[in-house]
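The values are calculated or read from the model by the stated rules, or taken from the named source; none is laboratory data. Since the model is a prediction, treat every value here as computed from it, not as a measurement. Glycine also receives a Cβ, built like all others from the backbone with ideal geometry; neighbour counts cover every protein chain displayed.
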Amino acid sequence: MSAAPLQIVNERQLNTRTNNVYTPTKYTVGKENLQHTSNKRPDHHHDQHKQPAPKKKKEKLSALCKTPPSLIKTRGRDYRRGHFLGEGGFARCFQIKDDSGKIFAAKTVAKISIKSEKTRKKLLSEIQIHKSMRHFNIVQFVDCFEDDTNVYILLEICPNGSLMDLLKARRVLTEPEVRFFTTQIIGAVKYMHSRRVIHRDLKLGNIFFDSNYNLKIGDFGLAAVLANDRERKFTVCGTPNYIAPEVLTGKHTGHSYEVDIWSCGVMIYALLVGKPPFQAKEVNIIYERIKAGDYAFPKDKSISPDAMVLIEDILSIDPLERPSLDEIMDYVWFRGLFPPRIDPQTLSSGPNYDYLDMAQSQANFKACMTRSGLTSASSSSTKDPIKLVKNDLEQERSRTILPQSLSPGGTKNKYQEVVDLDAQKKLNDLAREARIRRAQQATLKRDLVATSTNAIKSEISLRILASECHLTLNGILEAEAQKRMGGLPKSRLPKLKNPIVVTKWVDYSNKHGFSYQLSTDDIGVLFNNGTTVLRLADAEEFWYISYDDREGWVASHYNLTDKPQELARHLEVVDFFSKYMKANLSRISTFVREEYHKDDVFLRRYTRYKQYVMFELSDGTFQFNFKDHHKFAISEGGSLITYISPDRESSTYPTVELLKAGELPEHPDIDLSDKIFMMKEGLKQKAAIVSTAQPQI
Ligand code: ADP
């Protein structure tokens with residue numbers, strides 16, 4: 001598959017000729033509009049409003065399109081116009097034949113409907129994107145040119161209508177057919193996404209049948225190209241029934257490739273049930289239902305449980321919970337009956353696939369995947385040699401000479417199939433769990449927004465804090481690597497030391513500052529001007545700590561008896577807090593000063609997040625008091641983790657051992673990996689703040 005970069009259409013490529021033939025006004029209701037209101041191309045509608053007011057019916061822009069002359073001459077080529085093929089919101093389509101007798105579809109856009117620069121750019125973008133697509137299941141772009149009245153886009157002819165036409169004729173389709181269609185659609189979408197194109201208007205009416213009844217996706221009018229895979233798009237667009245929830249709710253967070261996956265889920269549902277899942281009379285109600293994930297499988301239709309699982313997973317409100325295109329193709333549903341092709345009679349009556357057996361179906365599925373670029377051998381992605389060998393083998397098997405009935409392996413193969421399905425179901429479940437976890441973590445990360453912190457005005461102090469965060473983060477990463485290697489021998493485990501932790505705190509920063517008590521019983525106040533007074537518990541002494549731009553924090557030691565006069569007020573505040581905390585707060589941990597706690601410790605920074613309060617202590621310990629009252633401290637460069645339960649029970653473990661166990665001893669109910677993920681995110685955020693020029697929260 002070629003993967004040439006997208007090319008910009010040169011405007012000169014659209015040449016001019018004169019034509020003034022007028023189209024007899026033919027108003028047809030857009031096919032998809034029978035199913036739902038179309039809100040495509042809002043700017044086109046905008047242009048339309050500038051036209052003289054339509055008399056009764058609201059005319060579509062495509063109605064402005066003039067019938068092309070019966071002979072169209074362009075750049076030395078002659079095309080003969082054939083019959084009218086169909087009409088969208090914007091364009092009319094005619095059959096057109098070249099000198100050699102080859103037939104194409106000419107999508108014709110009236111120039112009068114391209115009034116604004118924005119509309120013109122959109123048309124050029126559609127042409128540019130469509131022109132650079134080359135895939136078995138995408139309508140092939142052939143050429144484009146213009147005359148005085150119209151712009152013509154020459155396309156591969158799809159003479160057998162759209163999936164919408166098929167559904168209208170048949171009301172519902174069989175699961176084998178829908179498997180076939182879905183495979184071809186996913187193949188095309190995977191190709192688009194690999195070229196960083198999001199279609200954004202996948203719907204039954206935009207997917208056509210070619211002369212061999214293979215599907216071809218068309219209409220790139222709303223397609224967008226991403227500059228990189230992290231880019232997000234913000235324009236609210238699509239067709240109501242098919243719009244993904246994040247397009248409606250994420251006006252600020254944007255959307256990406258997953259919107260196309262959502263539309264695929266809507267289409268599978270619609271083909272099996274007969275109408276789209278969120279269908280309602282009013283567009284607003286459709287939107288409400290989409291945002292709430294409000295749909296159901298009708299009881300009177302026998303949809304297989306495997307199909308329901310696939311649809312339910314695709315229609316996950318959280319885009320990250322949706323399966324990827326590759327994951328979709330691994331769903332057990334695809335292991336059911338699978339036709340070799342779609343027959344023309346299919347358009348009028350339901351096919352009978354009773355003749356198909358599992359082995360044939362599997363071979364048909366593989367062949368369909370290969371044609372649509374979904375196997376490693378056929379896709380444009382880097383080939384994995386092991387998979388290639390496996391594929392070769394599978395192809396060998398489908399070429400066996402003896403019929404199944406004569407093969408002694410007949411029943412064994414069937415048994416094998418059952419075993420494989422079970423394994424596949426388990427893999428699907430695991431993948432789903434992993435997706436849900438990923439999605440939850442992404443949400444947690446997005447929601448980790450600091451609400452308050454003490455501003456630090458010294459660059460050097462910020463650098464010290466950032467490097468402590470790095471050090472601890474690396475320590476956790478190292479423990480994670482050690483866990484992957486099977487853990488550490490006892491002799492190499494870090495020595496257990498209970499850290500000094502914050503046992504009480506009061507945020508009075510709207511007046512004086514942030515006050516805390518440590519497990520050593522020392523009391524500190526981090527004043528709003530950035531200085532700290534740390535009153536020691538076991539002596540009549542205190543520290544006065546400030547920072548400067550050369551050394552970071554500078555601490556001066558004083559006896560209470562000879563305290564400088566200017567600090568008297570500070571000490572009064574410390575006393576006030578000390579009494580307040582004693583009277584009102586209970587100590588969160590049983591930890592006390594240990595022999596190995598040689599140095600006095602103070603709080604360098606506190607940060608209050610929605611999910612926890614993060615404390616950064618001067619000995620490099622980080623403490624996280626989660627909102628659910630579980631608390632953690634990470635000390636000794638990330639090699640030790642302390643857990644403090646809501647009822648003050650405190651214990652310290654080597655990080656690698658905790659990771660190995662996967663849960664807290666005696667507290668298996670706590671989601672340890674979620675907590676560690678959140679703490680790492682806090683550390684990452686803080687590690688990035690190295691300048692006072694950056695906002696700190
Ligand atoms: P719009 O951009 O206005 O929505 P579409 O691309 O959906 O236009 O095309 C309008 C109609 O033209 C389609 O519904 C279909 O009936 C017909 N059509 C479009 N492309 C083809 C094609 N390649 N072959 C045959 N008919 C086509």
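Tell me which residues, restricted to region 99-113, are within 15 Å of the ligand (Cβ to nearest atom) and without any contact (Cβ under 8 Å) to a residue 40 or more places away in the chain.
Selection gives Lys102 alone.
Can you name the condition, by its number, that Asp671 falls short on among (1) within 22 Å of Leu496 (Cβ to Cβ); (2) surrounded by 14 or more Cβ atoms within 10 Å (Cβ to Cβ); (3) free of Cβ contacts under 8 Å to residues at least 40 places away in the same chain?
Result: Asp671 passes all but (1).
Do the conditions hold for Val501, that is, is it within 24 Å of Phe622 (Cα to Cα) and either surrounded by 13 or more Cβ atoms within 10 Å (Cβ to Cβ) or at pLDDT 90 or above (or both)?
Yes: the conditions hold for Val501.
Please go through (1) surrounded by fewer than 17 Cβ atoms within 10 Å (Cβ to Cβ); (2) in contact (Cβ under 8 Å) with a residue 24 or more places away in the chain; (3) over 20 Å from Ile464 (Cα atoms) for Phe577 and return the number of the only condition it doesn't satisfy.
All conditions pass for Phe577, except number (1).
Of all residues in region 127-145, count the ones that are among the basic types (Lys, Arg) and either over 18 Å from Gln184 (Cβ atoms) or without any contact (Cβ under 8 Å) to a residue 60 or more places away in the chain (or both).
1
If I go through region 304-321 residue by residue, how many of them are assigned to a loop (DSSP other than H, G, I, E, B), surrounded by fewer than 17 Cβ atoms within 10 Å (Cβ to Cβ) and among the hydrophobic types (A, V, I, L, M, F, W, C)? Can you show your working first?
Taking region 304-321 and keeping what is assigned to a loop (DSSP other than H, G, I, E, B), we get 304, 315-318.
So of that shortlist, the ones also surrounded by fewer than 17 Cβ atoms within 10 Å (Cβ to Cβ) come out as 304, 317.
Then keep just the ones that are among the hydrophobic types (A, V, I, L, M, F, W, C); that gives 317.
Within region 304-321, residues that are assigned to a loop (DSSP other than H, G, I, E, B), surrounded by fewer than 17 Cβ atoms within 10 Å (Cβ to Cβ) and among the hydrophobic types (A, V, I, L, M, F, W, C) number 1.
Evaluate region 532-548: report whether one residue or more is under 19 Å from Asn454 (Cβ atoms) and not in a strand (DSSP E or B).
no
Restricting the search to region 294-303, which residues are surrounded by fewer than 17 Cβ atoms within 10 Å (Cβ to Cβ) and of a type in the set (Ser, Thr, Tyr)?
Of everything in region 294-303, just one residue is surrounded by fewer than 17 Cβ atoms within 10 Å (Cβ to Cβ) and of a type in the set (Ser, Thr, Tyr), namely Ser302.
Does Gly274 meet the test of being at pLDDT 95 or above, within 22 Å of Ile207 (Cβ to Cβ) and more than 17 Å from the chain's Cα centre (by Cα)?
yes
Would you check if there is a residue in region 118-127 being surrounded by fewer than 21 Cβ atoms within 10 Å (Cβ to Cβ), over 14 Å from Phe209 (Cα atoms) and within 11 Å of the ligand (Cβ to nearest atom)?
yes
Could you please find all residues in region 102-140 being charged (D, E, K, R), under 28 Å from the mean Cα position of the chain (by Cα) and part of a loop (DSSP other than H, G, I, E, B)?
Arg134
Would you confirm whether any residue within region 522-535 is without any contact (Cβ under 8 Å) to a residue 60 or more places away in the chain, more than 24 Å from Thr607 (Cβ to Cβ) and either acidic (Asp, Glu) or surrounded by fewer than 17 Cβ atoms within 10 Å (Cβ to Cβ) (or both)?
no
Starting from region 255-266, keep only residues that are at negative phi, then list their pairs with residues that are among the aromatic types (Phe, Trp, Tyr) and outside any strand (DSSP E or B) whose Cβ atoms are within a distance under 6 Å, requiring at least 6 positions of separation or different chains.
Cβ pairs passing all conditions: Ser263/Tyr242; Val266/Tyr242.
Evaluate the following for Leu471: is it closer than 18 Å to Lys675 by Cα, part of a helix (DSSP H, G or I) and not aromatic (Phe, Trp, Tyr)?
Considered against the rule, which asks whether it is closer than 18 Å to Lys675 by Cα, part of a helix (DSSP H, G or I) and not aromatic (Phe, Trp, Tyr), Leu471 comes out as no.
Looking at Ile436, Ile456, which one is part of a loop (DSSP other than H, G, I, E, B), among the hydrophobic types (A, V, I, L, M, F, W, C) and touching a residue at least 24 places away in the same chain (Cβ under 8 Å)?
So the residue among Ile436, Ile456 that is part of a loop (DSSP other than H, G, I, E, B), among the hydrophobic types (A, V, I, L, M, F, W, C) and touching a residue at least 24 places away in the same chain (Cβ under 8 Å) is Ile456.
Looking at region 128-140 only, could you name the residues that are within 13 Å of the ligand (Cβ to nearest atom) and under 14 Å from Lys107 (Cα atoms)?
The answer is His130, Val139, Gln140.
Let me confirm something: among Phe90, Phe84, which residue is within 10 Å of the ligand (Cβ to nearest atom) and assigned to a strand (DSSP E or B)?
Just one listed residue meets the conditions, Phe84.
Considering only region 559-566, I want to know if a residue exists there that is modelled with pLDDT of 90 or more and assigned to a helix (DSSP H, G or I).
No.
When you scan region 538-554, how many residues do you find that are small (Gly, Ala, Ser) and in contact (Cβ under 8 Å) with a residue 40 or more places away in the chain? Talk me through it step by step, then tell me what you get.
To start, the set of residues in region 538-554 that are small (Gly, Ala, Ser) comprises 539, 546, 552.
Next, only the ones that are in contact (Cβ under 8 Å) with a residue 40 or more places away in the chain stay: 552.
Result for region 538-554: 1.
Can you tell me which residue is surrounded by the fewest Cβ atoms within 10 Å (Cβ to Cβ) among those in region 142-161 that are under 24 Å from Ser194 (Cα atoms) and modelled with pLDDT of 95 or more?
Top of the filtered list is Glu156.
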